[in-house]
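Before any comments, here is the structure.
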Amino acid sequence: MSTQAAPEAESERTSNARIGIGWLLLDMTLVSGGMTALVKAQGATYPAFQLVFIRAMIGLLFILPLIWHHRAEMTRIKHPWRNIFRISCNAIALTSNFLAITMLPLAMVNAVGFSRPLITMAMAVAMLGETVSRIRWLGAAMAFAGVLIVMAPGTESFDVEVLVVLVSVVFGSLAIIQTRALRDENTIVMMVFYTVGLAVITAIPAAFIWQPVVPFDWIPLLGIGFLAQLGQYCFLRAYRIADASVLAPVGYLSIVFVTVVGYVFFDEVPEVRVVIGVIVILASLQGAAWLERRRGRMAGKAM
């Protein structure tokens, strides 16, 4: 029975990985493609804290029917303190990301954000006890070299504002690890914690720097909240199903979405070093994935 159980468990993990990747790709379509463009456009007028607060309040309105429908689950929260820590990390990561989007080209923000998989995998090993293959580590390290090409530290091309992206990366990685650790928590409960928590944490700083909202601007602001909330659901589903160390490198594909958005809507043409860095990143990702699949097929034949 143990001989039969091993292939079945491996098959289940593979199936879960594919489903999780599908949810994550849908999240990137909604957030990296749609919401990012709206944040970039509105960030020139409204501060990042205000955008995050409005995004949270609008998201809360959208999930009110879900809260009512799942009101029984709201009384059975399993990990309140871990949820609070998760949303605190999310609040810092999201505010930093919104700020970076308004200051830097979208392709650069996204490319520097590609350092998240390496940090996330390291955290997954240290905090969750997940196992990461040497091939995946090698691919992540080579991808990080591509991130360094994009950032160009120590050169005249280095922009100190890129450090804001790194703040977002570190706290975003912490939030991802907490999401993975909360896999036994109800998805709706996590969405409610996330949305209400963002509103509470950003309310005070937003009040101090609040800019009056033009009536017409409520349309794109509504879109930010709606797309973000849908993306959050897809994101939670992905990390409840598949390992963080498997999903993390898939985030590299978001460069396709943000580069197109930056070029089409904001006339942003990536610099040569950004293009080279992205090529290194994507080549590392695909190369590592191919090597792992090849090794898996060889191991299967040997059995």
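The values are calculated or read from the model by the stated rules, or taken from the named source; none is laboratory data. If you're wondering where the values come from, they're calculated on a predicted model, not measured in any experiment. Cβ atoms come from the backbone with ideal geometry, glycine included; neighbour counts cover every protein chain shown.
Would you mind stating whether Ile209 is over 15 Å from Ser32 (Cα atoms) and exposed (fewer than 15 other Cβ atoms within 10 Å of the Cβ)?
yes
Just to check your reading of the model, which residue among Gln42, Gln50 is modelled with pLDDT of 90 or more and either surrounded by fewer than 16 Cβ atoms within 10 Å (Cβ to Cβ) or touching a Leu at 6+ places or on another chain (Cβ under 8 Å) (or both)?
Gln42
Just checking, does segment 69-84 include any residue being under 24 Å from Val169 (Cα atoms), touching a residue at least 40 places away in the same chain (Cβ under 8 Å), of a type in the set (A, V, I, L, M, F, W, C) and part of a helix (DSSP H, G or I)?
Within segment 69-84, one or more residues are under 24 Å from Val169 (Cα atoms), touching a residue at least 40 places away in the same chain (Cβ under 8 Å), of a type in the set (A, V, I, L, M, F, W, C) and part of a helix (DSSP H, G or I).
Failed condition for Ile149, given (1) assigned to a helix (DSSP H, G or I); (2) under 17 Å from the mean Cα position of the chain (by Cα); (3) touching a residue at least 40 places away in the same chain (Cβ under 8 Å), with all others met?
So the condition that Ile149 fails would be (2).
So is Ile101 assigned to a helix (DSSP H, G or I), in contact (Cβ under 8 Å) with a residue 40 or more places away in the chain and surrounded by 14 or more Cβ atoms within 10 Å (Cβ to Cβ) or not?
yes
Sort out for me the helices (runs of 4 or more DSSP H) sitting completely within segment 196-278 that have 2 or more residues that are under 18 Å from Ala44 (Cα atoms).
Result: 218-241, 254-266.
So which residues in segment 31-60 are more than 10 Å from Ile224 (Cα to Cα) and part of a helix (DSSP H, G or I)? Lay out the reasoning, then the answer.
Restricting attention to segment 31-60, the residues satisfying the condition of being more than 10 Å from Ile224 (Cα to Cα) are 32-33, 40-41, 43-50, 53, 57, 60.
Ser32, Gly33, Lys40, Ala41, Ala48, Phe49, Gln50, Phe53, Met57, Leu60, listed by residue number.
Could you figure out which of (1) surrounded by fewer than 20 Cβ atoms within 10 Å (Cβ to Cβ); (2) closer than 19 Å to Ala48 by Cβ; (3) of a type in the set (Ser, Thr, Tyr) isn't true of Thr131?
It is condition (2) that Thr131 fails.
Given the criterion within 20 Å of the chain's Cα centre (by Cα), within 23 Å of Asp27 (Cβ to Cβ), at pLDDT below 80 and surrounded by fewer than 22 Cβ atoms within 10 Å (Cβ to Cβ), identify the matching residue among Val196, Val256, Val260. Walk me through how you get there before you give the answer.
Details: Val196 fails: at pLDDT below 80; Val260 fails: at pLDDT below 80.
On inspection, the qualifying residue turns out to be Val256.
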